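A.B. asks: Submitted below is the structure of interest, expressed as structure tokens.
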Amino acid sequence: MKVALVHDWLVTMGGAERVLEALARMYPDAPIFTGVVDRSRLSPYLQQRTIYPTFVQKLPNAVRWYNRYLPFMIYGFEQFDLSDYDLVISSSAALAKGVLTRAETVHVSYIHTPMRYAWDLYHEYRNREAKGLTRRLMGPVFHYVRMWDRLSADRADVLVANSTTVARRIWKHYRRPSTVVFPPVDIDRFHPQDQPGSYYLVLSRLVSYKRVDLAVAAANELGIKLVVAGDGPEKSRLARLAGRHVEFAGPVNDQAAASLMAGAKALIFPGEEDFGIVPVEMQAAGRPVIAYGRGGVLDTVRDGTTGVLFDRQETPSLIEAIQRAEAIAWNGEEIRRHTEQFRPAVFEERMTRIVREALSPGGTVPTGAAMRYDSANDE
């Protein structure tokens, strides 16, 4: 059986790329098709794989400005000739699900999220982020992008969502059922510590939607030690907001991140993510997570057992959650056990089962339009 993997673009090594790497290990002979690629930014394993980019790779500064070439990228994905493949697995938060396949080819698409800047966050991006010509062009361009995105969602035979929140978005925007399979997390890199932590931790890219400013404001008001690890355009603004209890550790590698988690009291996670791997990693280290109760953390954090959820993205709500966390006697081993369901082996087993069912006779026939989403974790 010939297998092809498809991914939106390969210009960094984030959570979506970790999913692709897990799929690539499951199918070691499968080539990877993508919009653009910067091999220097990939893991050593993915660097060794056969990767075919679209023609956009040859356009000026494509690796840096790939998002500006979105309409061209849409065309590029449709030019991939996948007619020789029996199985196509796409890893998509944007365009990868839109490849064209033969009627006999089975296409399973792992959806990290429908394009949020085209759907539910469109007006926020247009009003707050876009400027000048980009803002003026967003209206007509994204009108076309939304139509293509909706139609392209029907090209896959089976949709898989990375969280319950994403499954709901898939139903909202695409009216397609999906099965939830959590992304793989290497929990064995982390080991619970007996000694209590001495500081609160934020581990994040420093961009506005992550709402790290809430953690800084809470630390200032409570007088608690906060370590902020990561880098990004918000760093200078956050540094101006920070009081004497806030320390900026800068960008950290995996080893340093694991060390910071082991020494922390808790992770503060004030943004909303589709899934969010860092909260799972923190719990694998036996430490609780204080998180805004929206998005992927609703699947990954058990309120009062492995962390505390707060319901408003406001400083007083976060402060209340921190105070609640201070009053709980956390069980590090219990927190760690909760993360067993996110092991790579669990991801591989569930994806293998989905692919096997899709390849079976009649396996890709829809089971009923009334079904909004199925969770593999409800079994």
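Bear in mind that the values in this text are calculations on the coordinates, not laboratory data. Computed from a predicted model, the values in this text were never measured in an experiment. All Cβ positions, even for glycine, are placed from backbone atoms using ideal geometry, and neighbour counts span all protein chains on display.
A.B. asks: Going by how many other Cβ atoms sit within 10 Å of their own, how do K58, K265 line up, fewest first?
C.D. replies: K58, K265
A.B. asks: Also, quick follow-up: Hey, fewest Cβ within 10 Å first, where do R237, R64 land in order?
C.D. replies: Details: R237 14, R64 11.
So the residues, fewest neighbours to most, are R64, R237.
A.B. asks: Students often check this: by mean Cβ neighbours within 10 Å, which of 242-250, 68-76, 161-169 ranks highest, and how do the rest follow? Show your work: numbers first, answer last.
C.D. replies: Values: 242-250: 14.9, 68-76: 18.2, 161-169: 23.3.
Per-residue mean Cβ counts within 10 Å order the peptides as 161-169, 68-76, 242-250.
A.B. asks: On to the next question. What is the sum of charges around Y66, taking Lys and Arg as +1, Asp and Glu as -1, for the other residues whose C-beta is under 15 Å from the C-beta of Y66?
C.D. replies: Taking every Cβ under 15 Å from that of Y66, the sum is +2.
A.B. asks: Cα axis of helix 344-359 to longest principal axis of the chain: angle in degrees, 0 to 90, nearest 10?
C.D. replies: The two axes meet at around 20 degrees.
A.B. asks: Sequence gap at least 6, Cα distance under 8 Å: using those rules, report the relative contact order of the chain to the nearest whole percent.
C.D. replies: Working: 740 pairs, mean separation 55.0, N = 379.
RCO, the chain: 15 percent.
A.B. asks: May I pose another question? Let me confirm the definition first: pairs of Lys residues in the chain, 8 or more apart or on different chains, C-alpha distance under 25 Å. How many are there?
C.D. replies: Going through the chain pair by pair, I get 12.
A.B. asks: Hey, another quick one. Quick one: angle between helix 164-174 and the longest Cα principal axis of the chain, in degrees between 0 and 90, rounded to 10, please.
C.D. replies: With rounding to tens, the tilt is 40 degrees.
A.B. asks: Right, another one. Using a/c under 1.5 as the rounded threshold, could you call the range 61-116 rounded, prolate or oblate? The axes a ≥ b ≥ c are square roots of the C-alpha gyration tensor eigenvalues, and prolate needs a/b larger than b/c, oblate otherwise.
C.D. replies: Note, shape of the range 61-116 comes out oblate.
A.B. asks: Taking the 0 to 90 degree range and rounding to the nearest ten, how far is the long axis of helix 132-152 tilted relative to the main principal axis of the chain, both from C-alpha atoms?
C.D. replies: That helix lies at roughly 60 degrees to the long axis.
A.B. asks: Taking neighbour Cβ counts within 10 Å as the exposure measure, how do F342, F55 sort from fewest upward?
C.D. replies: Fewest to most other Cβ atoms nearby, the residues stand as F55, F342.
A.B. asks: Can you classify the range 187-341 as rounded, prolate or oblate using the Cα gyration tensor, where a ≥ b ≥ c are the square roots of its eigenvalues, rounded means a/c under 1.5, and otherwise it's prolate if a/b beats b/c and oblate if not?
C.D. replies: rounded
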